[in-house]
Each structure stands twice: as structure tokens, then as C-alpha cells.
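Student: Please see the structure below; I have some questions.
The values are calculated or read from the model by the stated rules, or taken from the named source; none is laboratory data. For clarity, every value in this text was computed on a predicted model and none was experimentally measured. Every residue, glycine as well, gets a Cβ built from its backbone with ideal geometry; the counts of neighbours run over all protein chains shown. These area figures cover heavy atoms from the full protein model, side chains too; ligands, DNA and RNA do not enter into them. Shrake-Rupley method; radii C 1.70, N 1.55, O 1.52, S 1.80 Å.
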Amino acid sequence: FDHLDSCELNGPQSLSTSARCGTLSVPENPDLADGRTLDLAFAVVPARASSPQPDPVFFLAGGPGQSALDVAPMIAVALRDVNRDRHLVFLDQRGTGDSNPLNCEFDEQDDWLEMDFDRINAELKRCLADWDADVQFYTSTDAARDLDQLRQQLNFEQINLIGGSYGTRLGQVYLRNYPQPVRSVVLDAVVPTRLRLGSEHAVKLDKTLNILFDQCSQSEACSSEFPNIKTAFRNLIDRYRDSGQSITIAHPRTGQSTPIEFSSDVLASALRFLAYSPQTQMIIPYLVHEAETTGSPNRIASQAMIVSDQITGNIALGLNFAVGCSEDWPSWPRDIDASNTVLGNTMTEFYETVCSWWPAGAAPTNFHDPFDSEAPVLILSGELDPVTPPEYGDEVDQQFSNSLHLVGQGLGHTVMGHPCFSDIIRQFFNSASIDELDTACTEELGNAPFFVNPLGPRP
């Protein structure tokens, strides 16, 4: 990689990693070779071994809209043992990071928490007019083509793929379209091929919350502090179903007092954002109990704003809809009634609003058709994942004939960062086989203790 520039990649939690950085030049429209050209940013974290294996690991980021380079330091830590013998390759998908990003900055950062879709829709129209991009060419199919162009530019005959969340869709699109170079695949928090991404969010969130509240009821510490937590939860939903409550909280980044109209939409958004990771899941019963018994939802709104600020602040919103309006909305299931869920039909209503005017691309006619592969596929799920739950992993495991599905008890959305799973991933990439993996560590996993107050669990 001497032809690449030395660089330092900086990520969340003050993490950084040394890498070699470069750009991949590709046509925005593959049918117009003399049209607009995109310079896509990529980085390689070289293997530490003096004689590395010839097949690197390509990491595929989530979202849609997450920058692979932004999370590279965190992934390099999670895959440290893999990186000993294999290079790690990160490509900012077109429309993200430093690859002609379709970012849309909001004047009011609490729009997402309040689910103010009218304001978000108006901001998206303004951003679309400002982007130097033809957004119909920012789909998963386009991104998979870019990945293969990078593979060829770096002269790799075979590669391994690891994707998280939406990255599992991109990984499957690549696997379908370019099967020959793929040696092995890890799908963490998997999106099934047939799924219209977002259409089942409301149903899956409710299921995860019910599991969480059942586990609280079965926990001596949690049940004694928060008896009848399911009843408290229903009461809280009913309280804000028809009317809101004006509150003021401190913004997590600016510290400024931020007025919010706490409504059923804000409550749903709060629970959705908090349900992503086990660290924030374990505080949900306390927050629900406090809001229901005191009548003050300030703390649940504050915690949700912290998490939502972290999640939405790292997503190129334009890429999210370039993918969703092209691949999912045209065949969105119209028979899912989520009106009785916490989240309700907001995902359907939001996509219907945006996709009605969005200049969508065309997905292949077989895009959502299941397919098989000779490459071994390791599928990972978190037991308490509210977005891509374990039943999705079971579904994908049935689709692929050479696959293994592992579930992390007590874990949430994406699990590759857990030491147990990072070691299993190392074994899998070394052998390129689902056979004879040592998965004993998964039997030792379990739930983190529930918070009983703002300071944490009971000692």
C-alpha cells in the first residue's frame, strides 16, 4: 500500500487508528462514462503480520448513511485479532462520509426526537436542491459496484465481507452480484433479503420492549423497584396519546435549554433510540416508572436526546432515502397495521411523504428475492435487538445453505464489538468455515443488570 497516503482515522470515544488512505474514482451514472465522476474515500488498516493473508476483510457500514471511515477506529478495535493477519478495508459508500456526502443539517436538532416530519420533509427538499448529485444513482446496487471496483483497484482476488445492520443488505447485494470474489461473509444484525427496511420497525420495537419488561418482572431487583412495569408503561402511553406536555431539557451537545413538546411521538422516539444498546435498554424500566409515577418525562426525554443525537448526527440522511425510496418503498407492504404499537404507522407515513417526490432509482426486479451462495455465511444477532431481531437471523439462516446463526443473549443491535463474538469472527475468517467454531462463550452471555436509579444497578 505504498502508493496510498498515510493517515490517521478519528472515531467516536476519542478512538483513532493509523491507516493508508486513498480515493476511488467512479462514474456517478455507470452508463455515462463521460458524466460526473465521484471520488470515493477509502482506507486500509494494514495487517500487523509481516506476511498477511491475501484475502482482506471489507467492512460495510450501517444506516443507510453511516460513514465507514468514521467508525473504522471502533471496528479496528473490535476486529483487532482479525487485523493481525488480514488487512481491514473501509470504503465510504457514495453519499456518505467523504464520498460526495448527502448530508442534511437541521436547524432544530430535536426534529428527530419530536418526529416533526413536516419540518424534516421541508429540510430534505432544501438539501436536495443543494446537493451536487443525481440521487437515483446512490443505491445499494451502485454501492456494490463501487466495492468491486475498489477490490480490483487494490488487486485482491478474494475478499471477506463483514456488515452491520444496513451493511448486511449491502453485503448480500454484493454477494448476489459478485459471488466469485467472496471467500466468506459475516452478517451482524441482519436485514433479510425480502425485508422492506423500516416497514416492521414498529412491530419489532414492541416485541423487544415486551421482552425487556418481562425480564424486569423476573428480576428481583427490577421488579421490587418497579412493580407492574407493564401497567405503568401502558398508562404512560395513554397519558400522551391525545395531548402533549411542554418541557425544557438541556441539549446534550450545547447545554442550551431546549423546549420540547413531549407527546406520544416523542415517547415512541425516545424508547426506539434507547432500545438499540443493552447499556441504554437497562435504564428503560426506571425511566418509564419515573415518568409515569411523577408525571415528569424530563429524564426520559434527556436520555433519548443524547442517544438520538449520536445516532442521527452520524447519518447522511439523503443516502438513507436514496436507498429507501428506490429499494423499499415501491413494494412497501400495505397490510401491516402498526396503529396499536408504540411507534404506530409513523415509518409508513414518513416514507410515503418523502418518497412521493424523491427522485428514486430503479432496483433490480429480483432485488428482494431470496438467493443462495456457496460462500460460508456467519449470522449474528442480539437477543434484544429492536430493529433486526433474532428471528431475522433465523430467516436468513434458512435462506443460505452454508450458514450458522448465533444469538447473543442480553445483547442489542450489532454484537461484533463483544469480545465473545469478535473471537468467533476471527476463527471464522481464519477457516472460512462454519464447522468446528468454538462458540462456548455464547453460553456465558446474559443480561446486564437493570438500573434501579440514575446511578445504576443495585450494588
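Student: What's the total number of residues in the stretch 392-415 that are without any contact (Cβ under 8 Å) to a residue 24 or more places away in the chain and in contact with a His (Cβ under 7 Å, 6 or more places away or on another chain)? Steps first, please.
Tutor: Within the stretch 392-415, the first condition is being without any contact (Cβ under 8 Å) to a residue 24 or more places away in the chain, and the residues that meet it are 394, 397-398.
If we keep only those that are in contact with a His (Cβ under 7 Å, 6 or more places away or on another chain) too, we end up with 394, 397.
Going through the stretch 392-415 one residue at a time, the tally reaches 2.
Student: To continue, here is another question. Quick one: in the stretch 228-257, of everything that is open to solvent by less than 70 Å² (accessible area, probe 1.4 Å) and more than 21 Å from LEU343 (Cβ to Cβ), which residue is modelled with the highest pLDDT?
Tutor: My answer is ILE249.
Student: Still on this model: Would you check which residues across the stretch 260-272 are open to solvent by less than 40 Å² (accessible area, probe 1.4 Å) and either part of a loop (DSSP other than H, G, I, E, B) or in contact with a Leu (Cβ under 8 Å, 6 or more places away or on another chain) (or both) and list them?
Tutor: Those that are open to solvent by less than 40 Å² (accessible area, probe 1.4 Å) and either part of a loop (DSSP other than H, G, I, E, B) or in contact with a Leu (Cβ under 8 Å, 6 or more places away or on another chain) (or both): ILE260, SER263, VAL266, LEU267, ALA268, SER269, ALA270, LEU271.
Student: Taking the stretch 212-247 only, how many residues are assigned to a strand (DSSP E or B) and either touching a residue at least 24 places away in the same chain (Cβ under 8 Å) or within 19 Å of THR280 (Cα to Cα) (or both)? Full working, then the answer.
Tutor: Going residue by residue through the stretch 212-247, those that are assigned to a strand (DSSP E or B) are 245-247.
Okay, now just the ones that are also either touching a residue at least 24 places away in the same chain (Cβ under 8 Å) or within 19 Å of THR280 (Cα to Cα) (or both), so 245, 247.
The total comes to 2.
Student: What's the number of the condition VAL190 fails, among (1) assigned to a loop (DSSP other than H, G, I, E, B); (2) farther than 30 Å from THR293 by Cα; (3) open to solvent by 10 Å² or more (accessible area, probe 1.4 Å); (4) touching a helix residue (DSSP H, G or I) at 6+ places or on another chain (Cβ under 9 Å)?
Tutor: Of everything listed in (1) assigned to a loop (DSSP other than H, G, I, E, B); (2) farther than 30 Å from THR293 by Cα; (3) open to solvent by 10 Å² or more (accessible area, probe 1.4 Å); (4) touching a helix residue (DSSP H, G or I) at 6+ places or on another chain (Cβ under 9 Å), VAL190 misses just condition (3).
Student: Based on this model, can you work out whether THR294 counts as within 21 Å of CYS216 (Cβ to Cβ) and either hydroxyl-bearing (Ser, Thr, Tyr) or at pLDDT 85 or above (or both)?
Tutor: Numbers: within 21 Å of CYS216 (Cβ to Cβ): yes; either hydroxyl-bearing (Ser, Thr, Tyr) or at pLDDT 85 or above (or both): yes.
It is true that THR294 is within 21 Å of CYS216 (Cβ to Cβ) and either hydroxyl-bearing (Ser, Thr, Tyr) or at pLDDT 85 or above (or both).
Student: Further question on the same structure: Scan the stretch 193-211 for residues that are more than 17 Å from the chain's Cα centre (by Cα) and surrounded by fewer than 19 Cβ atoms within 10 Å (Cβ to Cβ) and jot them down. Quick ask: steps written out before the conclusion?
Tutor: Step one: of the stretch 193-211, the residues more than 17 Å from the chain's Cα centre (by Cα) are 194, 203, 206-207, 209-211.
Across the stretch 193-211, the qualifying residues are ARG194, VAL203, ASP206, LYS207, ASN210, ILE211.
Student: Collect the residues in the stretch 1-49 that are assigned to a loop (DSSP other than H, G, I, E, B) and open to solvent by 80 Å² or more (accessible area, probe 1.4 Å), keeping them in residue-number order. Show your work before the answer.
Tutor: Taking the stretch 1-49 and keeping what is assigned to a loop (DSSP other than H, G, I, E, B), we get 1-4, 11, 15, 28-36, 46-49.
Residues satisfying the conditions are ASP2, HIS3, ASP31, LEU32, ALA33, ASP34, ARG36, ARG48.
Student: In addition: For the stretch 344-359, give me the residue count where each residue is open to solvent by 40 Å² or more (accessible area, probe 1.4 Å) and not in a helix (DSSP H, G or I).
Tutor: 4
Student: So which residues in the stretch 369-391 are among the small types (Gly, Ala, Ser) and without any contact (Cβ under 8 Å) to a residue 24 or more places away in the chain, if there are any at all?
Tutor: If we filter the stretch 369-391 for residues that are among the small types (Gly, Ala, Ser), which is where we start, we get 373, 375, 381-382.
The answer is none; no residue qualifies.
Student: In addition: For the stretch 50-160, please list each of the helices (runs of 4 or more DSSP H) lying entirely inside it that holds at least 2 residues being surrounded by fewer than 19 Cβ atoms within 10 Å (Cβ to Cβ) and touching a residue at least 60 places away in the same chain (Cβ under 8 Å). Break it down into steps so the answer makes sense when it comes.
Tutor: On the way: elements: 68-78, 80-83, 111-114, 117-130, 140-153.
Result: 68-78, 80-83, 117-130, 140-153.
Student: If you don't mind, there's one more thing I want to ask. Suppose we filter THR365, THR414, THR439 for residues that are open to solvent by 20 Å² or more (accessible area, probe 1.4 Å) and in contact with a Cys (Cβ under 9 Å, 6 or more places away or on another chain); which single one remains? Lay out the reasoning, then the answer.
Tutor: Working: THR365 fails: in contact with a Cys (Cβ under 9 Å, 6 or more places away or on another chain); THR414 fails: in contact with a Cys (Cβ under 9 Å, 6 or more places away or on another chain).
Going through THR365, THR414, THR439 in turn, the sole match is THR439.
Student: A further question follows. Could you identify the single residue in THR365, THR293, THR341 that is hydroxyl-bearing (Ser, Thr, Tyr) and part of a helix (DSSP H, G or I)? Working first, answer last.
Tutor: On the way: THR365 fails: part of a helix (DSSP H, G or I); THR341 fails: part of a helix (DSSP H, G or I).
Step by step, each of THR365, THR293, THR341 is checked, and only THR293 is hydroxyl-bearing (Ser, Thr, Tyr) and part of a helix (DSSP H, G or I).
Student: Anything in the stretch 325-343 that is free of Cβ contacts under 8 Å to residues at least 24 places away in the same chain and either open to solvent by less than 10 Å² (accessible area, probe 1.4 Å) or under 21 Å from ALA268 (Cα atoms) (or both)? List them, or say none. Quick ask: steps written out before the conclusion?
Tutor: Step one: of the stretch 325-343, the residues free of Cβ contacts under 8 Å to residues at least 24 places away in the same chain are 334-335, 337, 339-340.
Within the stretch 325-343, ASP337, SER339, ASN340 meet the criteria.
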